[in-house]
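What follows is one structure encoded as C-alpha cells, with my remarks underneath.
No lab work stands behind these numbers, since they all come straight from the coordinates. Please read these numbers as outputs of a predicted model, since none were measured by experiment. Cβ coordinates were reconstructed from backbone atoms using ideal geometry, including for glycine residues, and neighbour counts include every protein chain displayed.
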Amino acid sequence: MFMILLRAMRRYGWLRRLCAALAFSSMGAGLTFVVVFSELTKLNASPSSFALAFVFSTAPGLLGSMIGEYSLKRTDAVNCLILAEMIGFCGLIFPWLGVTLHSITLLQMTELASSFAAGITLPSISHYAKYMLPDEDLAAAALIDTLAFSCYVLFGVGLGVILSHFLDGQALLLVNCCCYIVSIAALILLPRLKKAFESAQNVEALPKSLSPIQKASLALLPALSLVGTPAMALLPVLVPGTGDRSQIVLALLFARSLGQLCGPMLVKEKQLEVQNLYLIIFCMVGFLVCYQLIAISTILAVALVLVFLAHVLSNIVFSLGWYGLLRNFNAKHVAAASARSYRKQVVVGVIVGGIAGLLADKIGGQLSLFVCSGIGLIIVSSLLIRMNKGNKASYQ
C-alpha cells in the first residue's frame, strides 16, 4: 500500500501539502504525548488515571465529528481542517499548565482539544480525498493516517523520548506550537473544492437504508475499538521489569506507535478489494494474545516486540476498515459515514476504556485486560461471522 501513496503524492501537489500539514501536526502531537505520559508517570498516577487520560484523548471527538459533519455542509473542507488545527493549537494551554502546576487533572485534560479537533478533521479528510482523488488512487487516502503516524512515531514520540533527556516539558510544548503554525500555513495553500458552496448536497446525511456491505464497513472500526481499547488504555501500567518506569513506558508507547505505522504497509492492494473475514478475526485474536503475553513478560525487549506485533495486527484491520468506508460510500455520504464510524469508536472507547481502568484498580491490569478485551473479542467475532453469513459480499 505504501507504493500507492507514493504514486499519488508524485501526481498531486495538493496531496503533498495535505500530508505535510498532517505530518507537522502529528509530530507536535507526539511531542505532547511524551510530555503528558512522562509527567503522569513521574507523578505516580494510578492505572485509572492513565485510562482516564486515554478516554479524554478520544471522547471529545464525538462532538467534534458532529460539528465537522455539520460544517462540511456549509463551508469548504479546507476551512474545517484549518479550524481543527487552530483548536489544537489553543488546546496546548492544558499541558502547559499541567506541567507547570504538576497537576494530574490538567495533564489528563491535555487531549481534550486535540481529540475534539481530530473529530472535525476525520470527515473533512475523507470528504476532501473522495472528491479530489480518482478511484485508482483512492487507496492513498487510507494511508494518509499512516504517513501522519510515521511522523508521530519517528519525529514526535521517538524524538520526544530523546529530547526529554535534554529539554523540559515546556520546551517540548513550544516546539509543538511551531509545528501547529507550519501545519496551518500548509493547509492555507490547499485548493478549495470547486463545488463546496453550491449547495448542502455536497455533504449529505446517510440514507436510512444501507446495503449489507455498507453496514459491515461501518461496523468494522468500532469492532476493533471494542477489542483494542482496553489494551491501549492500560499499556502504561503493563510495565515489565525494573528501572526508570517513565522511560520504560515511553519505550512501550514508541513500540506501539511503530506497529501502528508498519501494519498498513503490509496490506496488499488485493487484500483491500477482497477483505478476508478470517484474517480480520485472526489479527484481533493475535492482538489480544500479544497483550496477554506482555502482561506476564519480565523482559523489556520481549515486551517491546510483543507491543509492536500487536499493533501491526490491529492496524492491518484498521487500514481495511478505513478503505472500506472510502470505497463503499459515495462522495456525498463518505463524510457522514466516516463521522458515524468515528463516533461509534469513541463511544465504545470511552465506555470500555473507562471500565478497564476502574477494573484495573480493583483486580490489576492483566486480569482487567483479559476480561474486557476477551469479552469484546467474543462479541466482535460472533457479530462478524453472523454478518458474513447474512451477506457473503461483505467479507470473503
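For this structure, a couple of remarks:
- Among residues other than Arg10 with Cβ under 13 Å from its Cβ, the summed charge is +2 (Lys and Arg +1, Asp and Glu -1).
- Percent breakdown of C-alpha pair distances by 5 Å bin, ordered from the shortest bin, for the range 245-328: 3, 16, 23, 22, 15, 10, 7, 4, 1
- Matching the structure-derived Cα Rg over 2.2 N^0.38 Å against the labelled list [x] 0.93; [y] 1.08; [z] 1.00 gives the label [x].
- Theoretical FRET efficiency, 1/(1+(r/R0)^6), r = Cβ-Cβ of Ala171 and Thr298, R0 41 Å, to 0.05: 0.70
- Ranked packing of 351-363, 324-336, 77-89, most packed first, by mean Cβ within 10 Å: 77-89, 324-336, 351-363
- Cα gyration tensor shape of the range 106-157, rounded if a/c is under 1.5, else prolate or oblate by comparing a/b with b/c: oblate
- What separates the Cα centres of the range 122-145 and the range 253-280 is a distance of 18 Å.
- Taking every lysine pair in the chain that is 8 or more places apart or spans two chains, those with Cα atoms closer than 18 Å amount to 16.
- Across the range 280-286, computed HN-Hα scalar couplings (Karplus, 6.51 cos²θ - 1.76 cosθ + 1.60, θ = phi - 60°) run 5, 5, 4, 5, 5, 4, x Hz from first to last residue, x flagging Gly and Pro.
- The local environment of Thr121, defined by Cβ-Cβ distances under 13 Å, has a net charge of -3 under the rule Lys, Arg +1 and Asp, Glu -1.
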